[in-house]
Amino acid sequence: MVRETRHLWVGNLPESVREEKIVEHFKRYGRVESVKVLPKRGSEGGVAAFVDFVDIKSAQKAHNSINKMGDRDLRTDYNEPGTIPSAARGLDDSLSIATRGRDVSGFTRGTGGPVYGPPVSLHSREGRFERRLDG
């Protein structure tokens with residue numbers, strides 16, 4: 001499990017979302033330092049972004065809250081800068097890792113491209129991801 005940090009990965013965002021809209025949504029929890037929208041992964045689902053808060057308490061509030069944007073239920077997970085989050089399965093490989101804006105030294109690729117796994121704090125049930133409430 002990723003430790004709590006002031007950095008969040010946010011998934012299932014609308015395809016047309018802009019950084020300004022993400023900042024507007026998450027500033028209710030505290031001051032947002034930066035937002036980085038990631039390339040869309042595949043043809044289904046939404047896009048994802050990194051949202052970095054100024055302090056950890058703001059990130060905790062955001063992560064522990066139910067977040068919706070339009071008709072979409074957003075998913076959040078803590079992220080360690082310098083790593084590719086486990087929740088980022090299937091990111092578009094057309095962009096090199098270096099252009100994604102994070103230092104990912106030590107990250108290895110499998111023979112079929114990068115290997116990503118589901119976030120450890122989410123469980124799949126009938127094709128939907130739900131946050132575990134029991135830790």
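For the reader, a short list of remarks on this structure follows.
- Annotation: peptides 62-72, 9-19, ranked by per-residue average of other Cβ atoms within 10 Å with the highest first, follow the order 9-19, 62-72.
- When the range 7-78 is described by a simple charge dipole with +1 on each Lys and Arg Cβ and -1 on each Asp and Glu Cβ, the residue from 63, 43, 9 located farthest towards its positive end is 63.
- Per residue, the accessible area of the range 8-58 comes to 52 Å² when a 1.4 Å probe rolls over the protein heavy atoms.
- Computed over Cα pairs, the Kirkwood radius of the range 7-78 leads via Stokes-Einstein (1.306 mPa s, 10 °C) to a diffusion coefficient of 133 µm² per second.
The values are calculated or read from the model by the stated rules, or taken from the named source; none is laboratory data. These numbers come from a predicted model, not from an experiment. FYI the Cβ positions are ideal-geometry reconstructions off the backbone, even for glycines, and counts take in every protein chain you see. Just the protein is used for accessible areas: all its heavy atoms, side chains included, with ligands, DNA and RNA removed. Shrake-Rupley method; radii C 1.70, N 1.55, O 1.52, S 1.80 Å.
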